[in-house]
Amino acid sequence: MQSNHPTENWQHLPRASVTAERQSVGIQYTIYTLLVGVATFVQIKWLDLSPWWMWIVVAILLMLFLLQFVYIPDIRQRYFKYRVDDEFLVVEFGILVLRHVVTPLVKVQIIDTSSGPLLRRLDLMNMNVHTASGQIELPGLDVTQATILRRKIESFAKLEEQEEESL
Amino acid sequence: MTRRVHPLFILMTTLTHLRSLVIPIAVILFNDLKNDGFGFYTMIGVAVVSLIILIFGIVSWYFYTFTIDEQSIRVNKGVFRKSERTTQRQRIESIGINQNVLERLLGLATLTVETASDSGKPEVELKGVRLDFAKQLKSTIGTGATQPALEQEVGETYTVSLMDLLFAGALSGRLGLALVGFGAVYQFVNRFIEQYISQVFNELLHLSLLLLLVIGGAVLFLIYVGSILVFILRYGSFRATLNKRRMTIGYGLVNRTEVVFHQDKVQALVIEENWIKRRFKRAHLSLHIISANGEEEKLLLHPFIRVADIDRFLHRFLPRFEQLIPEKRAVDRGFFYIVRWPLLGYASLLTVLNGALIYWLPESIRYLGLILFLFLPLYYILARSGYKNTRYGYQNDLFVLRKELVNRETIYAPRLKIEAFSSQVSRFLEEKDILKFQITLRGSGVFQAGYFTQAEFVEVLGWYQQTFLKPIPPAAGTDPSDGEYVEET
């Protein structure tokens, strides 16, 4: 019987991931603001309405913006952590619901990394670890961090799992 | 061996294509009849279209080939856009043989091969093969031989009697299935009786409340009987065979389904006992298998087994699983958080209902609906006694998780089949030191129960986090978990 002593320390997301998320949220809401502006303009100028309901839209957008821009990136960065525990990937995450997931690395089927221009500028990348039952997202990892993790998981890809009986 | 499916495949595809063209053709013919009998050109048009469909059927049959060798199964198809699909044999999770009514009449079947890819569709689908040939193929793929085994010794078999199916259907409490069937029939019939419906409805409004209740009861009863019938049609002549560690499960009176899988591919065993079945000491067994059949990856194993017989049954057919009583109970302080949302939901529903009743009902029976509120304490008591039975446990290589509020559901999963073990808890309850366990199985089967404590979670992880790697044969003497062949980055 093997005890579940951690073989390494918890890895956290870099602070830069918060900046990256805020930038992308910022861009997203800039577009929303423009859309709302155009809609209001059209309604006043050409449809001769006095659209009081746009205030409601603006209020909702503002509230969502506050949540997504100020609080969520920070909470995500604060609570997200992962480590490789012997041959298991252990991830803790969650905004409203706290989840703690343990997956054997031999079960991993695909490692998917992606990074857009915003992430690349800050030397970050997203990583998706797929198993036959779903996927684990690791958003906004540091590039060196991600490379180390990927190499670790890859080293298990060539190993054989117990009991794979063919039909 | 590279082969084609049976030529009757042409007829099948032609018929399915013609079926989708029935309405336009009928419209054209009807239009013609209204004018001056069949036009010559209409006949020619219909004939040409039928011919094109037939030729397309023949050509697509010609290009539809499959090859089975020792390693893999390959399917080639497509006339203009060719596709080739290769499936590794050891990736196969299960093989299914399905027959719908048309196929049964023609003596054909559809063979499906399932792997763990997450597309949701079967990896290989051979439409229109002869039934006996499909069975041969199945055994060919199954035994790994390139030539079909001629004589197969029959292993252990069990069937479920009609009586058991009848009871299982009657006590399954699954009104939903019947409602779906009822809805389908209604939609079909509706177009013929539409004008009468409103008339009937007007008549109904004048009847007394008692009569309305009787009619409502009769309709419910009919739906109930219908649900039993649907259940029997679906699972009738149930038959399972175990042969050299391979299990075959077949069922269905109208559409026949047969699924074959290796015992080791069973992801989990689920024992469901709803509150009625528990009174009769019976249970419902199903398996988590990757297959295109069954509902949500759950395959029926036995709909109405005597609880006392389960041990013997498992020993005979699935020796890897054994029934064990999970010992670790859910923590008491978690109960409130489990029950608060359902209770609140039911309470508000009843309040709305009562508001409506008080508004609509005549003076004398205005407050009749308040009786319904008795349901709330009843639910609370049932849930309370059920929560005591929400448990987990593990023994050797088997993890057991039981969830019970009103109905009891127990899942048995071998450690090596659990793809992810996780806990979850709402941020607001984190400080209460309670959390739910969740196990994830291949093919997105998720099962969770709670609440347990953090310490228990860590304890289970200690059991779960043993090695998943195959021990290397030469190093048989050493402890396989000392990590010497793990850390080679």
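Observations, loosely collected:
- Each Cα pair under 8 Å and six or more residues apart adds its separation to the average, and for the range B:59-117 the resulting relative contact order is 24 percent.
- The base-10 log of I(q)/I(0) for the range A:47-105, evaluated at q = 0.19, 0.26 Å⁻¹, reads -0.77, -0.99 [Debye formula, identical scatterers on Cα atoms, solvent excluded].
- Computed P(r) (all Cα pairs; the range B:300-408; 5 Å bins; percent): 2, 10, 14, 14, 13, 11, 10, 9, 7, 5, 3, 2, 1, 0
- The label point for B:Phe56 and the one for B:His315, both projected 7 Å from the Cα toward the Cβ, are 5.9 nm apart.
- For chymotrypsin sites (Phe, Trp or Tyr not before Pro), the sites in the range A:1-107 that DSSP calls loop and that have at most 12 other Cβ atoms within 10 Å are A:Trp10, A:Trp46, A:Trp52.
- Calculated log₁₀ intensity ratio I(q)/I(0) where the Debye formula runs over C-alpha points of the range A:1-107, q = 0.15, 0.18, 0.20, 0.24 Å⁻¹: -0.77, -0.93, -1.03, -1.21
- Span from the the range B:221-298 Cα centroid across to the the range B:338-384 one, whole angstrom: 36
- Of the trypsin sites (Lys or Arg not before Pro) found in the range B:234-288, the ones in coil according to DSSP and having at most 14 other Cβ atoms within 10 Å of their Cβ are B:Lys244, B:Arg245, B:Lys281.
- Stokes-Einstein diffusion for the range A:58-167, with the hydrodynamic radius set to the Kirkwood value over Cα pairs and evaluated at 25 °C in a medium of 0.890 mPa s, equals 155 µm²/s.
- Residue mean of other protein chain beta carbons inside 10 Å, B:421-433: 4
- Of the GluC sites (Glu not before Pro) found in the range B:26-131, the ones in coil according to DSSP and having at most 13 other Cβ atoms within 10 Å of their Cβ are B:Glu70.
- Estimated [θ] at 222 nm from DSSP helical runs (n ≥ 4, -39500 (n - 2.57)) normalised by residues in chain A, nearest 500: -14000 deg cm²/dmol
- Debye log10 I(q)/I(0) at q = 0.21 Å⁻¹ for the range B:228-342, Cα point scatterers: -1.26
Only the coordinates and a few stated rules stand behind these numbers; no lab work does. Predicted model, so just to flag it, every value in this text is computed and none were measured. Cβ coordinates were reconstructed from backbone atoms using ideal geometry, including for glycine residues, and neighbour counts include every protein chain displayed.
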